[in-house]
Every structure is written in structure tokens, then in C-alpha cells.
Amino acid sequence: MWESGETAATKKSHPAAYWERRYRCLTALVSDGLRFHVETIAPDVCDNSSTYPLLGAAYEKVLAALLRDTPLTSCQVVLDDYGITGTMLARTLDELAEEGVDKVVEPKADDHYLAARAASVIARRERVHLLEELRHNPEYNLRGLAVPSGTARTGSTKAWLDARESSGRPWPWFVKKSIRDAGAASTTGGN
């Protein structure tokens, strides 16, 4: 387990082993009643205008899975506020609150609520685990470049995207649609 008083530094970059250790500490609590559900949003369905609705839909699936067969008056839902005002998710949370769920939506919730911090650990572990799988898949390693984890503007990511585009192979599922479209536009002379 973690050292007394130690919490996971969820906003810092750590090696895969760090996230795996913390994830195992959490999964050890399943026998004590901890439940969690992971929903993945594939980057290939994302574009700049649809990320938040996709995130909201994923949160709704998580809520449905976790709240099934659970007395709502015994639940607290803690969500980091990424801008949910006026969304379907906000309406769902309001409905749950009317049924007795203690609803908390605030910025940087993982700084103040253990449930949000645990969710951050699980999400980071899932992301790192997926990146490790992709990096060990020879199909995605190009010219000695492993799959990067940065944004399209970082040097290593740009180099990998350029190598993938020049390879003539189709874009893999984990490249965002907006990046694919930008790559296609650059090779056809479009804007």
C-alpha cells in the first residue's frame, strides 16, 4: 500500500510502474466494496468540436454502470468540472441529485476528493497501459520512433505523425480525426 499520508500525484508525469502500483492498491479495495467502471473514448471519433459531448456520454455510461442496483441516497458523485453547464450530463446529474445523490461538480476535484483522485489514478493507468501496448506493437513504430504521448505540436509527436503520413499506411485508430484530416489536407494541398 501507499505510505501513510502519501497520495498519488495525479497531475505529474510518472513512469508506468508508478501508475500500476497505485492502480493495484485501488483494486485491492474491490473486496471492501470499491467499484469502478472504465469507458474509453477512441481518439478516431474525436474532433475539436465533439470532445466534450463524447466525454459527457462516457461519464453517463460510467454513472449508469456504477449506480445500477445502488440506493441513490447512499451515493456521492464527484466530477471534475470541465465545462458541463448546459450539457446532457449536467441534466443527468441534476436528476440524480433530485433522487438523493450527493452531487459535487467542481474544478480540480481530484485535489479535494478521494473518489476523484482515485478516478484520476485509474484513468492515468489505463492511458499509460495503452501507450505501452502501442509502443510495443511494431506496426506503430516507424523509423525508430515509438508512439508518442504528446500533442500534435510537440516535436516527438510531430515527427511520428510525419513518418506515419509519409509511410502511406492508413492512420491508426488512436490518431484523432482532426489530425487525420489535417494530414490529408497537407498532402493534397488543401487548407
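The values are calculated or read from the model by the stated rules, or taken from the named source; none is laboratory data. What you see is a predicted model, and the numbers here were worked out from it, not measured in a lab. Because the Cβ atoms are built from the backbone with ideal geometry, glycine has one as well, and the counts that use them run over all protein chains shown.
Looking only at region 28-48, filter to residues that are of a type in the set (S, T, N, Q) and in contact with a helix residue (DSSP H, G or I) (Cβ under 9 Å, 6 or more places away or on another chain); which one of those is modelled with the highest pLDDT?
In the first step, residues of region 28-48 are kept if they are of a type in the set (S, T, N, Q); the result is 31, 40, 48.
Subset that is in contact with a helix residue (DSSP H, G or I) (Cβ under 9 Å, 6 or more places away or on another chain): 40, 48.
Values: THR40: 89, ASN48: 61.
Per the stated criteria, the residue is THR40.
Could you look through region 86-103, keep only residues that are assigned to a loop (DSSP other than H, G, I, E, B) and in contact (Cβ under 8 Å) with a residue 24 or more places away in the chain, and pick out the one that is nearest to the chain's Cα centre (by Cα)?
Step one: filter region 86-103 for residues assigned to a loop (DSSP other than H, G, I, E, B), giving 86-87, 99-101.
Then keep just the ones that are in contact (Cβ under 8 Å) with a residue 24 or more places away in the chain; that gives 87, 99-101.
Numbers: THR87: 19, GLU99: 28, GLY100: 28, VAL101: 24 Å.
Going through the qualifying residues, I end up with THR87.
Looking at ARG143, ARG125, ARG117, ARG180, which one is out of contact with any strand residue (DSSP E or B) (no Cβ under 9 Å at 6 or more places or on another chain) and without any contact (Cβ under 8 Å) to a residue 24 or more places away in the chain? So that I can check it myself, show each step before the final result.
Numbers: ARG125 fails: without any contact (Cβ under 8 Å) to a residue 24 or more places away in the chain; ARG117 fails: without any contact (Cβ under 8 Å) to a residue 24 or more places away in the chain; ARG180 fails: without any contact (Cβ under 8 Å) to a residue 24 or more places away in the chain.
Exactly one of ARG143, ARG125, ARG117, ARG180 is out of contact with any strand residue (DSSP E or B) (no Cβ under 9 Å at 6 or more places or on another chain) and without any contact (Cβ under 8 Å) to a residue 24 or more places away in the chain, namely ARG143.
What residue, among those in region 49-99 that are in contact with a Pro (Cβ under 9 Å, 6 or more places away or on another chain) and acidic (Asp, Glu), is farthest from SER120 (Cα to Cα)?
Here the answer is ASP81.
State all residues of region 54-76 that are over 20 Å from THR40 (Cβ atoms) and surrounded by 11 or more Cβ atoms within 10 Å (Cβ to Cβ); if no residue qualifies, say none.
Of the residues in region 54-76, the ones over 20 Å from THR40 (Cβ atoms) are 69-76.
Result: THR70, LEU72, CYS75.
Within region 129-150, does at least one residue satisfy the condition of being under 30 Å from VAL78 (Cβ atoms) and in contact with a His (Cβ under 8 Å, 6 or more places away or on another chain)? Steps first, please.
Filtering region 129-150 down to residues under 30 Å from VAL78 (Cβ atoms) leaves 129-133, 149-150.
Then drop every residue that is not in contact with a His (Cβ under 8 Å, 6 or more places away or on another chain), which leaves none.
Looking through region 129-150, none of the residues is under 30 Å from VAL78 (Cβ atoms) and in contact with a His (Cβ under 8 Å, 6 or more places away or on another chain).
Residues checked against (1) touching a helix residue (DSSP H, G or I) at 6+ places or on another chain (Cβ under 9 Å); (2) surrounded by 14 or more Cβ atoms within 10 Å (Cβ to Cβ); (3) in a helix (DSSP H, G or I); (4) not assigned by TED's automatic domain parsing to the domain that holds ASP69:
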residue	(1), (2), (3), (4)
ALA116	yes, yes, yes, no
ALA119	yes, yes, yes, no
ILE122	yes, yes, yes, no
ARG125	yes, yes, yes, no
VAL147	yes, yes, no, yes
SER156	no, no, yes, yes
ALA159	no, yes, yes, yes
ARG164	yes, yes, yes, yes
PRO172	yes, yes, no, yes
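Among residues belonging to region 174-190 that are loosely packed, with under 13 Cβ neighbours inside 10 Å and closer than 22 Å to THR51 by Cα, point out the one that is modelled with the lowest pLDDT. Step through it out loud before you land on a result.
Looking only at region 174-190, we keep the residues that are loosely packed, with under 13 Cβ neighbours inside 10 Å, and these are 184-190.
If we keep only those that are closer than 22 Å to THR51 by Cα as well, we get 184-185.
On the way: ALA184: 51, ALA185: 46.
In this case the residue turns out to be ALA185.
Considering only region 104-114, state which residues are over 15 Å from LEU63 (Cβ atoms) and either outside any helix (DSSP H, G or I) or touching a residue at least 40 places away in the same chain (Cβ under 8 Å) (or both).
Within region 104-114, GLU106, PRO107, LYS108, ASP110, HIS112, TYR113 meet the criteria.
Can you say whether SER4 is of a type in the set (Gly, Ala, Ser) and at pLDDT 90 or above, as far as the supplied structure shows?
Numbers: of a type in the set (Gly, Ala, Ser): yes; at pLDDT 90 or above: no.
So SER4 does not fit the description; no.
Take region 85-114 and flag every residue that is loosely packed, with under 15 Cβ neighbours inside 10 Å and within 22 Å of LEU26 (Cα to Cα).
Those that are loosely packed, with under 15 Cβ neighbours inside 10 Å and within 22 Å of LEU26 (Cα to Cα): LYS108, ASP111, HIS112, LEU114.
Can you name every residue in region 42-85 that is closer than 21 Å to ALA109 by Cα, assigned to a loop (DSSP other than H, G, I, E, B) and not hydroxyl-bearing (Ser, Thr, Tyr)?
Within region 42-85, CYS75, ASP81, GLY83, ILE84 meet the criteria.
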